[in-house]
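Notes follow the structure.
Readers should treat all values here as calculations from the given coordinates under stated rules, not as data from a laboratory. Fair warning: this is a prediction, and the values are worked out from it, not measured in the lab.
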């Protein structure tokens, strides 16, 4: 049973404060539900139409986008994956992104052993991203778009999105939605094939 009254029978919080806290909690919950529902809708749309022009796909070139690392250093995305690599796009509120974290973690470790860049790109603001990284013990490099134009240029409207880039600056393949272990193996195989043809 939760105590609602103090020692002398007075309420622990004045009614207006209690009502305000309840309203704030309800609004926060509604925002979170709306965000997840909207992300699910966008993911279903992308999966139903994989050739949608607004989503990064095989054959695209590396988007010209300015990103920032967590130390505030600006980076051009083309320089980040100029010799090929894997980008993992995510948001901090996406349940499928969270579901994919263990697979990304293993993939990042395997690629690191092969000296292939694995970089996460958070589409949320810095503080939310920092909290998410800490809570989920993410140890690979993370970048954030510097502004709305950069976020739009990334064409990562659907998350999670994992993209394999070739040394020529083109997208070799993308994986939309939660990654499975089989997907991670396919990425490693594609990386190995790419290296054989270079």
Report the extension gain between residue 136 and residue 70 in nm, rounded to one decimal, defined as 0.36 nm multiplied by the number of residues separating them, less their alpha carbon distance. 22.2 nm
Distance between region 96-136 and region 53-81 - C-alpha centres, whole angstrom: 16 Å
Contour excess over end-to-end distance, with Cα ends at residue 152 and residue 21 and 0.36 nm allotted per residue: 43.6 nm
Among rounded, prolate and oblate, which fits region 83-126 when a ≥ b ≥ c are the square roots of the eigenvalues of its C-alpha gyration tensor, a/c under 1.5 means rounded, and a/b larger than b/c means prolate? oblate
